Every structure is written in C-alpha cells, then in structure tokens.
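Participant: Sharing a structure below in structure tokens format, with a few things to ask.
Bear in mind that the values in this text are calculations on the coordinates, not laboratory data. Given the structure is predicted, the values throughout are model-derived calculations rather than measurements. Cβ atoms come from the backbone with ideal geometry, glycine included; neighbour counts cover every protein chain shown.
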Amino acid sequence: MASKPDKRGPSYDQLSAGTRNARPLLHQNAPEIQPYGKIAKLPIALDEKVCAASAENLNQLLADTITLRDLYKKHHWQVAGHTFYQLHLLFDKHYGEQNELVDTIAERIQSLGAISLAMAADVAETTIIPRPPRGREEVPVQISRLLEAHEILLKEARTMAKQADEAGDDGTNDVIVSDIIRTNELQVWFLAEHVVDVPLVRAEGVKGASAGS
Ligand SMILES: [Fe+2]
C-alpha cells in the first residue's frame, strides 16, 4: 500500500533544492589571477616600470623584515641569564614593531599594483639575512646576530630609498625612510647599549670603596 504524502511541510526534494545556493562550494581551484612579479596597473600616476622596480626592492625588504621579526621572536623565547626579564620584553617589543613594518611594506607593494611575498618558504629563498642555528645562543651572540641583521637591512634600505627618490616614487621613499630606516635605527640603539661593557656595581678605577659609610 502506497504511503500517504506528508502535507505538513515541504518535501525533502524541495528542501534540498532550497538550500542549493547556501551550500559552500568546496575544493575550488583555478589559475592565479596575477602572477608574482607582474604589475596590475593602478591609477596612481606612476609609471609601471617604476612600480615594478620599487616592488622588487620592497619585496627584498619585506623578506628581510619578516626574517628579522622572526629572529626577535626566537630570541624572545630562548633568551637566558640574569637579564632574562628585560630582554624577554624588549625582544617582543621589537618583534611587534617589525611586525607592523611587515604589514606596511606588504601593503605598499600591493598599492603599487604588485604582489607581496607572504609565505615562509618564499621568504627563506629571498632573504639575505644569515640563518641562525635552531638551538639557544648566549645573550651577547643573540644581540650581535640581531645587530648584524639590522645593519644588512639598513644598508639595503638606504640604497633603495635613494633609488625610489630618483625614480619619483615618493610614497615608497617615505615608507623606507620614515618607517623602515627610523624604526631600525632606534632598535639598533636599544640593542647596542646592552653590549657596552660597563661595570654593574663598582666603577672601574674607584679604589677602596667600602660598603656603607
Ligand atoms: Fe611571549
């Protein structure tokens, strides 16, 4: 005997058809819409060749800034010794400032109609900052490594700032000078003062200083 149709609501087929537009479309794949290294010209009154040259320089700065940022986090985690607390905090502060620079640089690249690097494997292939060992290093070695990375970055940043200026790319010049160079110079100062070998308690050359009076 055939069962009676259920008239209390829509049939399963009707329900199924009604959700068709609400279902997620999974496992989609298509060719990329803009290959890396190509410019999708934006109306910013800047020649495409200038945009391409600036983007290439900025991607190098981006890879090195991401590497320096991550070096700070490595040292934030692995720092040891009697200055642990202050360096643990300082390294994370600099990490945060470098992280802001990463976003500023990447978005400048996109503003030029170019594509910014993003993934760790691409960064590793591009950066010119030497790869540190995975293990823990002493504080003076950590600081030396960071100072060397800053100087590599500052050296290329100064050259690239001039190139952007000469090409008429004021926006890129401004990002490199106002954001990258100034932030890195300030961080170098804060780091370098930690490896000045000054007495902690008793001044050198003071003889016969006694406790109390
Ligand atoms: Fe932390």
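Participant: Return one number: the angle in degrees, 0 to 90 and rounded to the nearest 10, between the long axis of the Cα atoms of helix 48-78 and the longest principal axis of the Cα atoms of the chain.
Facilitator: That helix lies at roughly 70 degrees to the long axis.
Participant: Ok, one more. Once the Cα atoms of helix 139-167 and of the chain are each reduced to a long axis, what angle between those two axes, in degrees from 0 to 90 to the nearest 10, is obtained?
Facilitator: For helix 139-167, the angle is close to 70 degrees.
Participant: Taking 22 Å as R0, compute the FRET efficiency from the Cβ-Cβ separation of VAL177 and GLU148 and round it to 0.05.
Facilitator: Working: r = 22 Å, r/R0 = 0.99.
After rounding, the FRET efficiency stands at 0.50.
Participant: Please work out the ratio of the alpha-carbon Rg of region 1-121 to 2.2 N^0.38 Å and round it to two decimals. List each step's numbers first, then the result.
Facilitator: Working: Rg = 26.2 Å, N = 121, 2.2 N^0.38 = 13.6 Å.
Dividing the Cα Rg of region 1-121 by 2.2 N^0.38 Å gives 1.92.
Participant: At what distance in angstrom do the alpha carbon centres of region 123-150 and region 28-96 lie from each other?
Facilitator: 16
Participant: Something else: When the helix-only estimate is applied to the chain (DSSP H runs of n ≥ 4, each -39,500 (n - 2.57), divided by the residue count), what is the mean residue ellipticity at 222 nm, nearest 500 deg cm²/dmol? All intermediate terms of the calculation are to be shown ahead of the outcome.
Facilitator: Numbers: 7 runs with 118 residues, N = 213.
Mean residue ellipticity at 222 nm (helix-derived): -18500 deg cm²/dmol.
Participant: What's the exposure ranking of ILE44, ILE176, ILE181, going from fewest to most Cβ atoms within 10 Å? Please report the intermediate quantities before stating the final value.
Facilitator: Working: ILE44 11, ILE176 28, ILE181 17.
The order, fewest Cβ neighbours first, is ILE44, ILE181, ILE176.
Participant: Right, next: Tell me which trypsin sites (Lys or Arg not before Pro) from region 95-187 have a DSSP coil assignment and no more than 14 other beta carbons within 10 Å of their own. Mind showing how you got there, number by number?
Facilitator: Details: sites: ARG108, ARG134, ARG136, ARG145, LYS155, ARG158, LYS162, ARG182; in loops: ARG134, ARG136.
Hits after loop and neighbour filter: ARG134, ARG136.
Participant: OK, next. In square nanometres and to one decimal, what's the mean projected area of the convex hull around the Cα atoms of region 48-195? Before the final figure, lay out the partial values.
Facilitator: Working: hull surface 32.5 nm².
Computing the convex hull of the Cα atoms and averaging its projections yields 8.1 nm².
Participant: Here's a follow-up. Among SER116, SER16, which comes first, then next, by fewest other beta-carbon atoms within 10 Å? Let's see the in-between values first.
Facilitator: Details: SER116 21, SER16 11.
Least to most surrounded, the residues fall as SER16, SER116.
Participant: Do any GluC sites (Glu not before Pro) in region 1-100 lie in a DSSP loop with no more than 11 other beta carbon atoms within 10 Å, and if so, which? It would help to have the intermediate numbers written out before the result.
Facilitator: Working: sites: GLU32, GLU48, GLU56, GLU97, GLU100; in loops: GLU32.
In loop regions of region 1-100 (DSSP not H, G, I, E or B), the sparsely surrounded GluC sites (Glu not before Pro) are GLU32.
Participant: Hey, another quick one. Arrange the following residues from fewest to most other Cβ atoms within 10 Å of their Cβ: SER178, SER54, SER144.
Facilitator: Taking fewest neighbouring Cβ atoms as first place, the list is SER178, SER144, SER54.
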